[in-house]
Protein chains: 2
Amino acid sequence: MSIQEYAEERVRSERVRSEQVRSPAVEDYCKAIFVLQSRGEAPVSTNALAQRLQITPGSVSAMLKKLDGDGLIARVPYRGVRLTPAGRRVALEVIRHHRLLELFLAETLQMPWDRVHAEAEVLEHVISEDLERLIAAKLGDPTRDPHGDPIPNAELELPERENSRSLDSLEEGEGGVFVRVSDSDSEMLRYLSEHGIAPGERVKVEERQPFGGPLLVSFAEGRREQAIGGQLAHAMRVTLDEGREEAQA
Amino acid sequence: MSIQEYAEERVRSERVRSEQVRSPAVEDYCKAIFVLQSRGEAPVSTNALAQRLQITPGSVSAMLKKLDGDGLIARVPYRGVRLTPAGRRVALEVIRHHRLLELFLAETLQMPWDRVHAEAEVLEHVISEDLERLIAAKLGDPTRDPHGDPIPNAELELPERENSRSLDSLEEGEGGVFVRVSDSDSEMLRYLSEHGIAPGERVKVEERQPFGGPLLVSFAEGRREQAIGGQLAHAMRVTLDEGREEAQA
DNA sequence: AGAAAAGTCTTGGCATGCCATAAGATAATC
DNA sequence: GATTATCTTATGGCATGCCAAGACTTTTCT
C-alpha cells in the first residue's frame with residue numbers, strides 16, 4: 001500500500017466514525033428507532049423496524065450495519081439496536097421538524113388535520129435550520145403539535161413524557177384529559193376531527209361493552225356522548241385525573 | 001416467452017412512454033431546459049445544461065436519453081434537446097412551486113430575500129398539490145415572486161414576458177422601472193437588499209463609466225444614488241419608460 | 001477546399017445509496 | 001434436539017453521479 005493509499009484509507013475510516021450521513025432514509029431509521037425505543041422496546045429488533053418502515057428485513061439489516069458504522073446506533077447482531085447520543089440527536093431533530101411542520105400547516109395554512117402528517121413526513125427531511133427557526137418563531141415556540149405530541153425544543157430536549165394511558169385501558173367511570181392520538185393513521189384523525197374531538201378536552205368512560213365492543217364516552221363534561229371503537233380507543237391517549245380515587249369515592 | 005412474461009413486458013414498455021417519472025433530478029432538468037429555451041437557446045445543448053446544473057456532460061447525456069424515452073423532451077443526438085408539451089408542463093409546475101415558495105417564505109415567514117431561493121430550490125420538489133393550493137390561496141394567487149419573476153397560474157399559463165432589458169444596456173439618461181433580478185446569485189440579492197433596492201423602484205442611469213466600470217444610477221426619483229458594477233448591472237432587469245424618446249427630448 | 005485541431009457529445013465502465021429476493025445462519029420454543 | 005422464528009448475507013436492480021475514451025462537428029489553418 002502506497003503512502004497515498006494509506007492516507008486515503010485513513011480518511012475513509014475516519015469518515016466512517018464522524019461524518020454526518022443524513023439522507024432522508026437515515027433520518028427515517030433514526031426516527032423509527034427512537035419511537036420504538038420510547039415505547040419500551042429496547043433494544044429494537046430488525047423485524048419491528050422493517051414492519052414500521054415498510055421495508056424488507058434484509059434491507060433493514062444492511063442499513064443497520066451502515067448506521068452502526070456511522071456511529072448513530074449501537075448494534076449487536078441478532079440482538080437488536082439502540083440509538084447512540086448522536087443517533088438520538090438526529091431523531092429528535094427530525095421529530096422537532098415534523099411536529100413544528102404539522103402545527104404550522106394546520107395553523108398557518110389551515111391544512112386539514114388529517115393531511116398534515118403525510119405532508120410533514122416529507123418536508124421534515126428537507127427544511128433548513130433557518131426555516132425551522134422561522135417556523136418556530138412564527139408559532140411562538142410551541143411545545144405541542146396538533147395531535148398533542150410534545151415538540152422537542154431547539155436544544156432537542158423533550159418534555160417529560162406525560163403519564164398517559166390509552167383510552168381503552170380506562171375502567172367505567174374513570175375520566176381524564178384527552179391529550180393526544182397516534183398521528184400515523186389519517187383515517188382516525190379525519191374521524192375525530194369530523195366529530196369535533198381534539199386534544200385538550202375532558203373525557204370520561206361511561207360504559208364499556210364487553211368482547212371488544214365500543215366504549216361509550218362523554219366529552220366536554222358530559223355535554224356530548226360518543227361511541228368509540230376498540231382500535232380508536234387504543235390510539236387515543238388520556239391523562240388520568242389527579243387523585244381520581246378520592247374524586248370517585 | 002410465456003404469456004405472463006409477455007404481459008409484463010408490455011406493461012414495462014408502456015411505462016416508458018406514459019408513466020410520470022418525476023424525481024427531483026428529472027424536474028431539475030426540465031426546469032433548466034425550460035429556462036435555457038426561453039432565453040432563445042433552442043435547441044438546448046448538452047454542455048449548456050451541464051454547466052447550469054453543475055453536472056458533467058457525460059451524466060447529462062445519459063439523463064437526456066432517459067428523458068427522451070420518457071417523452072419529456074425531443075432529442076436529436078449531437079444536436080440538442082427541446083421540451084415536449086409534457087416536459088414543459090413539468091417545468092412550469094416546478095417553477096410555479098419555486099416562485100410561490102419564494103414569495104411565501106419572504107412574505108409569511110420573513111425569510112431574508114437572499115435566502116429564499118436556496119430554500120425554495122429544495123422544497124419545490126416535495127410540496128404536494130394540496131400544499132401548493134393552500135400557499136397560493138394564502139398569498140392571494142399572486143402573479144410575481146419577490147424577484148419580480150412571473151408565477152405561472154394554476155393552469156400553468158405564464159404571463160407574457162415583460163419587455164425588459166438589463167440595466168447595463170441602458171444609455172446615460174435612460175431610466176425605467178427595476179422589475180427583477182436573476183435569482184440564482186444570493187450574493188447579489190444580499191447586496192441589493194442591504195442597500196434597500198427592490199423590484200418596483202424607478203431607476204435612472206446617470207453616468208456610465210467606460211471599460212466595464214460601474215454605472216452611476218439613481219433610485220427612487222433621484223433621491224438615492226448608487227454605483228452598480230458591471231456584473232450586477234447585467235443581472236438587473238429594467239422596463240424602459242413608455243415613450244422615453246420624447247420624455248428625454 | 002481539405003486536413004488537422006479544437007470543441008462538443010456520447011459511450012462504457014465504475015461508484016454509491018437504497019431497496020428487493022433468496023438462501024443460509026442463529027436464536028427461541030416446544 | 002427439531003422446528004420455527006428471526007436475522008444476516010449474497011446477489012441483483014434502479015437512479016444518478018463521475019471519469020476517460022472514442023465519435024462526431026465545427027473551426028482553423030494552410
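The values are calculated or read from the model by the stated rules, or taken from the named source; none is laboratory data. All values reported here derive from a predicted model rather than from experimental measurement. Don't worry about glycine lacking a Cβ; one is built from the backbone with ideal geometry, like all the others, and counts go over all protein chains shown.
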* Of these, A:P57, A:P77, A:P152, which one is in contact with a helix residue (DSSP H, G or I) (Cβ under 9 Å, 6 or more places away or on another chain) and under 30 Å from B:E124 (Cβ atoms)? -> A:P152
* To do: Give me a count of the residues in the range A:38-67 that are away from DNA strand C (no atom under 12 Å from the Cβ) and either within 14 Å of chain B (Cβ to nearest Cβ) or at pLDDT below 95 (or both).
  => 5
* Asked: Of everything in the range A:94-115 that's facing chain B (nearest Cβ under 8 Å) and either assigned to a helix (DSSP H, G or I) or in contact with a Gly (Cβ under 8 Å, 6 or more places away or on another chain) (or both), which residue is surrounded by the fewest Cβ atoms within 10 Å (Cβ to Cβ)?
  -> A:T108
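Filter the range B:40-62 for residues that are part of a helix (DSSP H, G or I) and polar (S, T, N, Q); which is nearest to the chain's Cα centre (by Cα)? First the steps, then the outcome.
So the first thing to find is which residues in the range B:40-62 are part of a helix (DSSP H, G or I), and the list is B:46-53, B:57-62.
Adding the requirement that they be polar (S, T, N, Q) leaves B:46-47, B:51, B:59, B:61.
Values: B:T46: 19, B:N47: 19, B:Q51: 16, B:S59: 23, B:S61: 22 Å.
Checked the range B:40-62; the qualifying residue nearest to the chain's Cα centre (by Cα) is B:Q51.
Being touching a helix residue (DSSP H, G or I) at 6+ places or on another chain (Cβ under 6 Å) and either touching a residue at least 12 places away in the same chain (Cβ under 8 Å) or of a type outside the set (S, T, N, Q) (or both) narrows it down to one of A:H98, A:H147, so name that one.
Numbers: A:H147 fails: touching a helix residue (DSSP H, G or I) at 6+ places or on another chain (Cβ under 6 Å).
Every option except A:H98 fails the conditions.
Inspect all residues belonging to the range A:63-70 and state whether any of them is within 16 Å of DNA strand D (Cβ to nearest atom), of a type in the set (G, A, S), in a helix (DSSP H, G or I) and in contact (Cβ under 8 Å) with a residue 40 or more places away in the chain. Explain how you work it out, then say what you get.
Of all residues in the range A:63-70, those within 16 Å of DNA strand D (Cβ to nearest atom) come to A:63-70.
From what's left, of a type in the set (G, A, S): A:69.
Restricting the remaining residues to those that are in a helix (DSSP H, G or I) gives A:69.
Narrowing the set further to residues that are in contact (Cβ under 8 Å) with a residue 40 or more places away in the chain leaves A:69.
Scanning the range A:63-70, I find at least one residue that is within 16 Å of DNA strand D (Cβ to nearest atom), of a type in the set (G, A, S), in a helix (DSSP H, G or I) and in contact (Cβ under 8 Å) with a residue 40 or more places away in the chain, so the answer is yes.
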* Do we have any residue at all in the range B:128-144 that's more than 11 Å from every other protein chain (Cβ to nearest Cβ), in a loop (DSSP other than H, G, I, E, B) and of a type in the set (V, I, T)? -> yes
* Structure fact -> (1) among the small types (G, A, S); (2) touching a residue at least 60 places away in the same chain (Cβ under 8 Å); (3) farther than 18 Å from B:P43 by Cα; (4) buried (at least 16 other Cβ atoms within 10 Å of the Cβ) all hold for B:A118 apart from (4)
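Quick grid of which residues meet (1) on the phi < 0 side of the Ramachandran plot; (2) in contact with a strand residue (DSSP E or B) (Cβ under 9 Å, 6 or more places away or on another chain); (3) crowded, with 19+ Cβ neighbours inside 10 Å:
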residue: B:L49; (1), (2), (3): yes, yes, yes
residue: B:I55; (1), (2), (3): yes, no, no
residue: B:D68; (1), (2), (3): yes, yes, no
residue: B:G87; (1), (2), (3): yes, yes, yes
* Asked: Would it be correct to say that B:E119 is within 20 Å of A:M111 (Cβ to Cβ), more than 10 Å from chain A (Cβ to nearest Cβ) and not hydrophobic (A, V, I, L, M, F, W, C)?
  -> no
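Kindly establish whether A:A74 is more than 14 Å from chain B (Cβ to nearest Cβ), in a strand (DSSP E or B), of a type in the set (G, A, S) and farther than 16 Å from A:V35 by Cβ. Break it down stepwise before answering.
Numbers: more than 14 Å from chain B (Cβ to nearest Cβ): yes; in a strand (DSSP E or B): yes; of a type in the set (G, A, S): yes; farther than 16 Å from A:V35 by Cβ: yes.
So A:A74 fits the description; yes.
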* To do: From the list A:L216, A:L192, pick out the single residue that is among the hydrophobic types (A, V, I, L, M, F, W, C) and assigned to a strand (DSSP E or B).
  => A:L216
